[in-house]
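Okay, structure first, notes after.
The values are calculated or read from the model by the stated rules, or taken from the named source; none is laboratory data. Worth saying up front: this structure is predicted, and the values here are computed from it rather than measured. When we count neighbours, we look across all protein chains shown, and the Cβ atoms used for this are built from the backbone with ideal geometry, even at glycine. SASA here: full protein model, heavy atoms, side chains in, ligands and nucleic acids out. Shrake-Rupley method; radii C 1.70, N 1.55, O 1.52, S 1.80 Å.
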Amino acid sequence: QERLVESGGGLVQAGDSLRLSCAASTGTFNSGALGWFRQPPGKEREFVAAITWTAGHTRYADSVKGRTTLTYDKAKKRGDLQMTSLQPEDTAVYYCATGPSLWHLQNSMDIRTWGQGTQVTVSS
């Protein structure tokens, strides 16, 4: 059974950078995509970014575009989310997930597996 484990969360200050990693324990990942979501305190979970396992195509939410880069290492089955210029509104629990495509992840449809989440807190 596929399992995703996030790491790299923590407490940072506004303006800092942070890298989150998502490691997959099983699966061949010859198709589909890996995505990141976040759930701010008291709000619903929202899409952040996604990348396809094969071609490395990416998609980003407007709120993080230009200061976020999602990369992956297919051999290691790991995706890294690099975020810069963090602001207090980026405070959230960040989750990674796998799904059939960028579109499915962006629309939170047919999500195959969720990670357990990692907390990111940005202080002002």
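Numbers below:
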| read-out | value |
| --- | --- |
| Environment charge of SER25, counting only residues whose C-beta is closer than 13 Å and scoring Lys/Arg +1, Asp/Glu -1 | +2 |
| Residue order for ILE51, ILE111 - accessible surface, 1.4 angstrom probe, largest first | ILE111, ILE51 |
| Simple label model, 7 Å out from Cα along Cβ direction - LYS76 to ARG19, nm | 0.8 nm |
| Value of [θ]222 nm, deg cm²/dmol, for the chain, DSSP H segments ≥ 4, -39500 (n - 2.57) each, nearest 500 | -1000 deg cm²/dmol |
| Positive-end extreme of charge dipole, the chain - chosen from PRO100, THR84, LEU20 (charges on Cβ) | PRO100 |
| Summed side-chain charge close to GLN13 - residues other than GLN13 whose Cβ falls under 15 Å, Lys, Arg +1, Asp, Glu -1 | -3 |
| Residue-level accessible surface for PHE47, protein heavy atoms, 1.4 Å, Å² | 30 Å² |
| Solvent accessible area, Å² - LYS65, 1.4 Å probe, full protein context | 120 Å² |
| Check: the chain dipole with +1 on Lys, Arg Cβ and -1 on Asp, Glu Cβ, in debye | 300 debye |
| GluC sites (Glu not before Pro), loop per DSSP, at most 16 other Cβ atoms within 10 Å - longest free stretch of the chain | 45-124 |
